Amino acid sequence: MSIAAVIVAGGSGFRAGGDLPKQYQLIGGKAVIWWTCKAFLEHPGISHVQTVIGAGHEELFATATKGLKITAPVIGGSSRQESCRIGVEACADHDRVLIHDAARPFVSADLISHVIAELDRSRGVVPGIPVADTMKFAPGGVIEQTVSRQSLWAVQTPQGFHMQEILDAHGQAYTQNVEGLTDDASVAEKFGIPVRIIAGRRDNHKLTTAEDIATADRLLTSYALVERPDIRVGQGIDFHEFEEGDGVILCGIKIPHDKKLKGHSDADAAMHALVDALLGALGEGDIGTFFPPSESQWRGATSSTFLHKAIDLLKARNGVVANVDITILAEAPKVFPHIRAMKALLSPLLHIGVDRIAIKATTTEKLGAIGRREGLAAFATATVRLP
Ligand code: MG
């Protein structure tokens with residue numbers, strides 16, 4: 001028996017706020033979809049995980065699922081129903097399929113097992129929670145009547161089906177132009193597949209709003225921090241001189257300027273200070289220990305290489321970053337307009353949300369070498385947590 005999981009992540013989901021669709025926002029240092037994929041990839045009953053993503057989200061997906069052994073995604077359609085059909089068709093050679101929302105990262109192994117087990121007895125299976133609140137029918141926001149909640153369920157995913165049946169149902173919906181079905185159980189019902197409800201899990205809720213994302217992040221982050229009571233703080237300082245050029249690179253972002261920073265690598269002083277702060281917190285020497293300027297391979301190197309090394313050392317000790325704070329000291333160029341982009345770049349590298357990254361810029365009021373625009377400096381502190 002081979003069972004595929006289709007993870008539907010086609011939505012642009014901006015209801016959750018932020019710059020990214022919700023499935024790509026970070027919770028506990030990883031994208032929502034990373035947690036969701038991991039749950040299915042690690043389940044022994046699942047033979048194949050097929051993701052369905054939105055057009056243009058290829059890079060977001062690649063970044064979000066880095067480190068997971070996952071096959072290439074397929075590109076979804078203009079609606080959830082369409083994306084599900086495309087996803088199911090992409091794994092048609094399996095016997096059964098579980099279809100799951102990418103925005104439900106807290107799906108448990110135990111719930112996946114229950115859906116799989118129930119498929120031996122049923123043609124369609126969905127997890128559901130009996131409705132506990134009193135239900136009102138209120139078109140336009142004014143109550144017209146109270147709806148009996150008896151026999152009413154709020155359904156979740158993963159929804160399980162026998163492959164050929166759900167393929168046929170989706171195929172019929174497609175050829176008959178039946179649209180707007182918001183879950184696969186609706187497609188099944190419409191084309192005569194009986195669907196059994198099993199007990200869902202309250203924590204398998206769908207992350208929909210910015211508040212849901214923030215709550216999920218707090219929860220996962222607090223678990224990660226509680227498991228790592230050893231708090232370490234490190235600092236890093238870096239100065240670089242200017243030379244003729246067309247821009248300076250700070251925290252991985254190139255800022256147009258009539259100078260560039262002189263140095264062996266890309267001379268990203270802010271990133272260098274950050275790497276030293278992380279290495280300092282780990283008691284691991286400094287950036288020059290790992291990347292000696294005497295070695296020609298680091299000439300022109302992108303400083304994110306150095307940051308990756310520091311994060312690898314941290315991971316090897318099962319540590320996490322709790323926060324970083326960077327101050328850039330420069331008379332010019334103006335750093336402030338680029339801070340948002342810098343935070344967005346650092347967030348996935350450090351596996352923390354942008355709310356745990358501070359980047360500040362200040363001048364020296366024209367005092368000293370920096371005041372004379374001969375170069376700039378960067379200072380960083382980093383807090384890491386170790387077990
Ligand atoms: Mg340096």
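Here are a few things to note about the model shown:
- Within the stretch 195-205, the set of residues being under 14 Å from PRO105 (Cα atoms) and surrounded by fewer than 16 Cβ atoms within 10 Å (Cβ to Cβ) comprises ARG202, ASP203.
For (1) in contact with a Pro (Cβ under 9 Å, 6 or more places away or on another chain); (2) among the β-branched types (Val, Ile, Thr), each residue gets a yes or a no:
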position: ALA224; (1), (2): no, no
position: GLU227; (1), (2): yes, no
position: ILE253; (1), (2): no, yes
position: LEU279; (1), (2): no, no
position: PHE290; (1), (2): no, no
position: SER304; (1), (2): no, no
position: LEU307; (1), (2): no, no
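- The number of residues in the stretch 276-287 being part of a helix (DSSP H, G or I) and more than 9 Å from the ligand (Cβ to nearest atom) comes to 6.
- Yes/no for ALA277 being crowded, with 20+ Cβ neighbours inside 10 Å and more than 26 Å from the chain's Cα centre (by Cα): no
- Filtered residues of the stretch 308-347 (kept if outside any strand (DSSP E or B), open to solvent by 40 Å² or more (accessible area, probe 1.4 Å) and not hydrophobic (A, V, I, L, M, F, W, C)): HIS308, LYS309, ASP312, LYS315, ARG317, ASN318, LYS334, PRO337, HIS338, ARG340, LYS343
- Boolean, ILE359 is outside any loop (DSSP other than H, G, I, E, B) and surrounded by 20 or more Cβ atoms within 10 Å (Cβ to Cβ): yes
- Scanning the stretch 262-274 for residues that are more than 9 Å from the ligand (Cβ to nearest atom) and touching a Leu at 6+ places or on another chain (Cβ under 8 Å) yields a count of 2.
The values are calculated or read from the model by the stated rules, or taken from the named source; none is laboratory data. On a predicted model such as this, the values are computed, not experimentally measured, just so you know. All Cβ positions, glycine included, derive from the backbone under ideal geometry; neighbour counts span all protein chains shown. Heads up: the accessible areas ignore ligands, DNA and RNA and are worked out on the full protein's heavy atoms, side chains in. Shrake-Rupley method; radii C 1.70, N 1.55, O 1.52, S 1.80 Å.
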